[in-house]
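First comes the structure, then the notes that go with it.
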Amino acid sequence: MLKEKKGDRFVTPGDKICVIEEFIPGYGTYVADGIIYANNVGFLSIDPKSRTVSIQPVSRRICAPRVGNTVIGYVWNIQTAMAFIRIFKIEKYFLSGFFTGILHVSDVDVKFTKDILDALKVGDIVRAKVISEINRTYFLTTKGENLGIILALCSKCGGILGLKSKREKKLYCEECGNIETRKIASDYGTTNL
């Protein structure tokens, strides 16, 4: 951990930083069960002299999603007919915190989606469009060619899924051979956050 330079590692909320015995949690971090996690989007900053870790925000300007914005976030929870997404990027701007987005199964694709788990899973990185906002909760859609999952993880082993068949929206895991379906964006696997 001490070998890392200030600002080299990009982190998102929930990323494990280190254990509490190594460093003192600073700005943009939180502690759970003796482990320090990132609470904000930004770059990891380590002060070896004071033994403090903190997160330096990528963006210092106040930025909140608006209807019509394209956002990027990760799926952190899925219920019967909806997925909850932590938004960490709006258009080209990273956020120092996050906003909550809700993606209903009816807004996943122009085609009928019977089960939301066929389109996305917890941990996937998704690009979506804000279609409405009520009380700081943002309702999203992935209807559109450039909207959908831009990075997915294998639900069996956690490896990164590669594109097997773009037309069939099939993804495969090189580590375990698992094949899964998602509502993928047209540029799946080629996008840099």
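Would you please name the GluC sites (Glu not before Pro) within the range 85-163 that are DSSP coil residues with at most 14 other C-beta atoms within 10 Å of their C-beta? Could you put the intermediate results ahead of the total?
Working: sites: 91, 133, 145; in loops: 91, 145.
Those that pass, being in a loop and sparsely packed, are 91, 145.
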Based only on the alpha carbon positions, what is the Kirkwood hydrodynamic radius of the range 70-149, in angstrom? 12.3 Å
Taking the number of other C-beta atoms within 10 Å as the exposure measure, put 103, 44, 153 in order starting with the fewest. 153, 44, 103
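Counting only C-alpha contacts under 8 Å and six or more residues apart, can you give the relative contact order of the chain as a whole percent?
Numbers: 466 pairs, mean separation 27.3, N = 193.
Normalised by residue count, the contact order of the chain is 14 percent.
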Take the Cβ-Cβ distance between residue 58 and residue 32 as r, set R0 to 22 Å, and report the resulting FRET efficiency rounded to the nearest 0.05. 0.45
Taking the Cα centre of the range 10-57 as origin and charging only Cβ (+1 Lys, Arg; -1 Asp, Glu), how large is the dipole, in debye to the nearest 20? 120 debye
Gyration tensor verdict on the range 129-193 (Cα atoms; rounded if a/c is under 1.5, prolate if a/b is larger than b/c, oblate otherwise): prolate
Can you pick out the pairs among 16/129; 16/92; 143/170 whose Cα atoms lie more than 27 Å from each other? 16/129
Round to the nearest 0.05 the FRET efficiency obtained for residue 170 and residue 66 when R0 = 25 Å and r is the Cβ-Cβ distance. 0.15
Give me the base-10 log of I(q)/I(0) for the chain at each q in 0.16 Å⁻¹, Debye formula, one uniform scatterer per Cα, rounded to two decimals. -1.03
Please give me, ordered by residue number, the chymotrypsin sites (Phe, Trp or Tyr not before Pro) of the range 53-147 that lie in loop per DSSP and have at most 11 other Cβ atoms within 10 Å. 112
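Every number in this text was worked out from the coordinates using simple rules, so none of it is lab data. Since we're looking at a predicted model, the values are computed, not measured. Don't worry about glycine lacking a Cβ; one is built from the backbone with ideal geometry, like all the others, and counts go over all protein chains shown.
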